[in-house]
Structure formats: structure tokens, C-alpha cells
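What follows is a short report on a single structure.
The values are calculated or read from the model by the stated rules, or taken from the named source; none is laboratory data. The structure displayed is predicted, hence computed values, not measured ones. With ideal geometry, Cβ positions are generated from the backbone for all residues, glycine too; neighbour counts draw on all protein chains shown.
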């Protein structure tokens, strides 16, 4: 669909829902509260999110002067067609209808926008990079009708939970012949055996019928609802984690086997995420290249921008020159702002906003967006682990961040080693230095592992272990300086900065 200037009009799901609400009450004021409820039926968001939707709608309608979607101060918004009127043939009866030709155009345009957005509305926030999944009914292997009902409920809950993701498109059942084949099929089975319920689920790539992920759960029959929750959460985490989930991992495996000159934006994004997690300066540069190419192919790819921001964060942590750090931070700010403009409610973007708010000195806002990210993505293991990591630069998040990382590890049973960084930093900031050291033993061979280990061991009084960690830190990053690291991470609050600096100095880390 194109607007009067010929521009393509495709709305995000939230904006399409807000437009639909306005269209249902043409020429009437719709309150902010009603529009917020229509756009975000299960969430609590600020007026700023609504304002961004209204802006997107106006752009889509070519409404540069806000003449069609009008602001009603302190109340809401009103959809008003233009007032130039012509007489149309009367309908049955004596009534005559006066309608604006431009109003007809606006209504047709709105209907077209809503039609274009129908797929998006039914599937979260579908994009060309999404992977589609059919969820087939879970089989009851025991034959007892009671357990058939449990299996049916498990299927429905799984579909509902997966549908919340903006990473995959979900449908229930096998598509009929007229529908496109889905990329993956999720299947499952339930069996009752001697008061123990066993559930298995597996994901198959439909192209070659290869099983790319499977998992088993079991528990006593009297705890069936807790078991159901565990299954739904586990499936959701395995499929929807965009960096380390089963679908992302399988797509990466296929992407790496192809000609790099022909990669699509999604494949470039996956390769960028892969090199990001290798935690070396060379890999950061490779990741930056892949992600910049991804964003060039698709300038609306929010996740590529937010992942690029993470790459710049990792680059900055290895620098010792404040001027070079400033240049990298400027790139990071631009990447975060672009991600936030494209997807202001994306949890991965919100985690990056935590750093940006801290960088600008607004630590209350930093904490708020971090917690909002976790609230929006309780089953996204990557988001939970990243929140535990990044959040502990800004403040002592406390037991909450420990719980986030532990839940991430429970959800993603093959969790990558970078999850352990957040686990270590959470415990360090709580003053549990022994637990921090233990957690960091599973972290990648990366500067933060050895910086926090050195500081923790020094604060515990084990100077020999502290020195070993400090030596390894300088082997990895010979020009490392604590002062530049603190600037890069925006670690300025005394309760976070003080113990880290004290322990690092005792361990001989260059300041």
C-alpha cells in the first residue's frame, strides 16, 4: 500500500491496532487510555509509545500537517477525514450521503494499511527475517482421555506463549495445501506412567525433516500444572532466544555453509552474533562488518542495530585510549537510538537503553528500562542473561539479577558461557565474592571474567589467585586500563565502582 506521495505503508502491530481503534470511531475523540489499551492490550506503556505510534500512522497516511489524525489536548486523538464534500448517489430511502472524495481515499487507504498489517497483527511483529513454526498437537501416548485434555491444554498454552515473540511466526496445526509450508514443526508427547508424567518436545526443520532441538521433562502427576509451566517456558526459551536459541543456532549452521556474498540480512545478523560471542577484538571487527551489512540491506532491522550496539560495547571494553573509546561510544549511541526508534518496546533494545540512560546520567530511567525488558521477556533467556550482565554496571540490582541469570540458565539448558558473566557480576555487586569467583569460572576467556575474578580474589585476601587473574587479564588486553574500562561501561555509582576499584588495585590491575 502506498500513501499519496507513493511511499510504501506497512505499520508495526501496535500502530496498526491503534489505527484500527481510531478508524472504528471516525470523527470522534478516542482517549489515550483507550488507544493504549488497544495498542498494548497486555502491557503498561508510557504516553511516549503512543506518540510514536501516532507519528508512524501520520507518516503512513501522508498526514504531514496532522490534519487527518488530530491531537485533542489532554484527552487523546481523533481521526477526521478532510472536509471538501461532493454529493454521492443516495442510498435506499430518502437520506442523502455527503462524503469527501479525499475522505473516501483516506478510508480506502486505512483499510489497505490494515489489510497489509493483518498478517503482522496475527503473528506478533512479523518481518521478512522471521522463521515460521507450526505447533502440532501434543500426543497423549497413554490413551487416557483425561491426559488427552492435558495434552490439548499444553498445546494451546505453547502456541499462546510463542505467539508473543517477535522472533518467530507461529501457527497451530498442519497448514493446509493452500498455505505456505512452515520452516519448522514443533511436536510433543505426553505419557503418564506410575504417577509420573513425562513430556517430550522436539523441533523439526521441515525442509529436510531434521530434528534440530529436543528436550524432556518429568514430574509427579499432582504437580502437573507446574510441569506444564516448565514445558511452556522451556519451549519458548529454546525457540525464541534470538542469539543462542535452537532456531538461531540451526539458521547459523546453514548460513555459514553458503556463499557470503549472497547472505540475506538475517543470516548476516546471525553471523554477527556468532562472532560477537567469540570475545576477541578481531571477532568484534568481523561482527561489526556483518551487522553493518545487515542494516544496509534492511535499514528497519532493529535487532541488528541493537546487536551492533553490543558489539561496540565489547569493543570499548578493550580500549585504553579515551579518544578511541569516545568514537566507539558515539557509534554505540547511534546504533541504540536507531534500534529504539524502530522498536522502542523490544526487550533487547531496552537492555541497551539501560546503558544509554546511564551514559546520559539518568540512572533511574536506566533501571526502569532494564526491568521493563525483563517484564516483557520473562522467557527470553538471552535477554535475562544480558540484563543480569549489563544491569550490574549501572547499579546493585541485587537478588533480582541473580534470579534473572539463573532463570536464563534453566530455560536454555545448553546455555552459552557468556551467561556466566552476568552470574558473576550479580554476585560480585552483592558482596558475595566467593560465589562470584565460582560463577566466573564458567565465563568465556574474556576481560571481564579476569577483572572481576582478580578484584574478588583480592577482596577475599587470596592475593596469589588475584595476581594470576590480573596477569591473564593483561595477556588478553595488554593495554588495559581500569579507568577507561569504567568509562566504557559507565560505572560511576559509588556502590558499584568502589568495591571493583578497590579489589582491582589490590590485585595490581593498571588504573
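Within the range 189-211, being part of a strand (DSSP E or B) and modelled with pLDDT under 85 holds for 193, 210, 211.
Yes/no per residue for (1) surrounded by fewer than 22 Cβ atoms within 10 Å (Cβ to Cβ); (2) in a loop (DSSP other than H, G, I, E, B); (3) on the phi > 0 side of the Ramachandran plot; (4) modelled with pLDDT of 80 or more:
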position: 18; (1), (2), (3), (4): no, no, no, yes
position: 21; (1), (2), (3), (4): yes, no, no, yes
position: 27; (1), (2), (3), (4): yes, yes, yes, no
position: 37; (1), (2), (3), (4): yes, no, no, yes
position: 45; (1), (2), (3), (4): yes, yes, no, no
position: 49; (1), (2), (3), (4): yes, no, no, no
position: 52; (1), (2), (3), (4): yes, no, no, no
position: 59; (1), (2), (3), (4): yes, no, no, no
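Here residue 297 meets the list (1) closer than 20 Å to residue 418 by Cα; (2) surrounded by fewer than 22 Cβ atoms within 10 Å (Cβ to Cβ); (3) in contact with a helix residue (DSSP H, G or I) (Cβ under 7 Å, 6 or more places away or on another chain) almost entirely, failing just condition (1). When every residue of the range 294-306 is checked against the conditions, none turns out to be at pLDDT 95 or above, closer than 17 Å to residue 272 by Cβ and over 17 Å from the mean Cα position of the chain (by Cα).
On the basis of being in contact with a helix residue (DSSP H, G or I) (Cβ under 9 Å, 6 or more places away or on another chain), surrounded by fewer than 20 Cβ atoms within 10 Å (Cβ to Cβ) and closer than 30 Å to residue 232 by Cα, does residue 341 make the cut?
On the way: in contact with a helix residue (DSSP H, G or I) (Cβ under 9 Å, 6 or more places away or on another chain): yes; surrounded by fewer than 20 Cβ atoms within 10 Å (Cβ to Cβ): yes; closer than 30 Å to residue 232 by Cα: no.
No: the conditions fail for residue 341.
Candidates in the range 404-433 are the residues that are assigned to a helix (DSSP H, G or I) and farther than 18 Å from residue 450 by Cα; of these, the one that is modelled with the lowest pLDDT is 411. The set of residues from the range 157-183 being in contact (Cβ under 8 Å) with a residue 12 or more places away in the chain and more than 30 Å from residue 300 (Cα to Cα) comprises 157, 173, 174.
Which one is modelled with the highest pLDDT, of the residues in the range 271-285 that are part of a helix (DSSP H, G or I) and within 21 Å of the chain's Cα centre (by Cα)?
Keep residues of the range 271-285 that are part of a helix (DSSP H, G or I), which gives 271-276, 281-285.
After this cut, where a residue has to be within 21 Å of the chain's Cα centre (by Cα) as well, the list is 271-276, 284.
On the way: 271: 87, 272: 91, 273: 88, 274: 86, 275: 90, 276: 91, 284: 94.
The extreme case among them is 284.
The residue that is farthest from residue 392 (Cα to Cα), counting only those in the range 437-493 that are part of a helix (DSSP H, G or I) and in contact (Cβ under 8 Å) with a residue 60 or more places away in the chain, is 484.
Out of the residues in the range 123-156 that are at pLDDT 75 or above and within 21 Å of the chain's Cα centre (by Cα), state the one that is farthest from residue 269 (Cα to Cα). Per the criteria, the residue is 133. With respect to residue 495, determine if the residue is at pLDDT 95 or above and surrounded by fewer than 17 Cβ atoms within 10 Å (Cβ to Cβ). No: the conditions fail for residue 495.
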